Amino acid sequence: MSFRTDVNDGIACIEVSHGKANALDLELCHALTDELERLGPDARSLVITGAGRIFSAGVDLRRLSEEGEDYTRRFLPALDRLILTLFQFPRPVVAAINGHAIAGGCVLACAADYRLMAEGAFKIGVPELAVGVPFPPAALETLRFAAPERYVQELTQGEKMYTPAEAGAHGLVHQVVPPPALMASALKEAGRLASLQPRAFSLTKAISRRPVVDRIAHLNQEYAAAVLAAWLEPDTRSAIKRYVEATLRR
């Protein structure tokens, strides 16, 4: 199963349960996007979380490495669509970050309106350049919207990862809570946001995020082909393979 959705009093909760690391692959991106589009008109608010001790380890690099150029050409637009759909979800979105949130997992959390992270030996960050791949515009602009500007360069240039406490201190997450309290705290926040006048909230959210969406569209016109080409380069694919092998040895 890729995920499960529960709805209680109009608050939808999506729990991603996809392999060992809740990694983002083509099928999961499509399934989550379709589910968000289905929920959008009716949910009062949304909580998104992961199963186990990983929110999401980001892109499934093993599949990217093994399945070749055609898979990559299909995957990157699907990832963009998922990020933008979650970023523009018309109702309040709360990310309950139950564990590691790496690369694309961090970006998905950043697409939410409010982020809570569980205490523990977890990391959150975007080591794309350490892997050897450029950020797609949707991922980079979503991160820039969520993170304080003074920390964006630190996050994106290298392998910088934050503990939950550091993520809180750097403004990447709004609350850090004990793991047993994570879902209750997330649902409480989702309820608080859902109590706001829905039309006013949706319009305010759309207006505040529209410049980011427009910038992503503009950047995609200029850079999407170059980003795809960079992901397809033999040197990049070799770097991804080395990163996967090194990660599996840890």
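The values are calculated or read from the model by the stated rules, or taken from the named source; none is laboratory data. What you see is a predicted model; the values in this text were computed from it and never measured. Virtual Cβ from ideal backbone geometry, glycine too; neighbours counted across all protein chains shown.
Observations on the model:
- Selection status of residue 145, farther than 21 Å from residue 243 by Cβ, among the aromatic types (Phe, Trp, Tyr), at pLDDT 95 or above and assigned to a helix (DSSP H, G or I): yes
- Top-ranked residue in segment 157-199 [being under 28 Å from residue 134 (Cβ atoms) and out of contact with any strand residue (DSSP E or B) (no Cβ under 9 Å at 6 or more places or on another chain); ranked as surrounded by the fewest Cβ atoms within 10 Å (Cβ to Cβ)]: 157
- Qualifying positions in segment 52-83 - of a type in the set (Gly, Ala, Ser) and either within 15 Å of the chain's Cα centre (by Cα) or assigned to a helix (DSSP H, G or I) (or both): 56, 57, 58, 65, 68, 78
- Restricting 212, 152, 176 to residues that are in a strand (DSSP E or B) and either within 30 Å of residue 15 (Cα to Cα) or touching a helix residue (DSSP H, G or I) at 6+ places or on another chain (Cβ under 6 Å) (or both) narrows the list to 176.
- With respect to the conditions (1) farther than 21 Å from residue 197 by Cα; (2) crowded, with 17+ Cβ neighbours inside 10 Å, residue 4 lacks only one, and its number is (2).
- Contact map, segment 39-62: first residue surrounded by 24 or more Cβ atoms within 10 Å (Cβ to Cβ), second residue assigned to a loop (DSSP other than H, G, I, E, B) and of a type in the set (Ser, Thr, Tyr), Cβ cut-off under 8 Å, separation 6 or more or different chains; pairs are 50/17.
- Just so you know, in segment 26-35 the residues that are touching a residue at least 40 places away in the same chain (Cβ under 8 Å) and surrounded by fewer than 22 Cβ atoms within 10 Å (Cβ to Cβ) include one that is nearest to residue 190 (Cα to Cα), and it is 33.
- Scanning segment 121-142 for residues that are closer than 22 Å to residue 229 by Cα, assigned to a loop (DSSP other than H, G, I, E, B) and of a type in the set (A, V, I, L, M, F, W, C) yields 126, 133, 135.
- Scanning segment 84-100 for residues that are in a strand (DSSP E or B) and of a type in the set (Val, Ile, Thr) gives 93, 94, 97.
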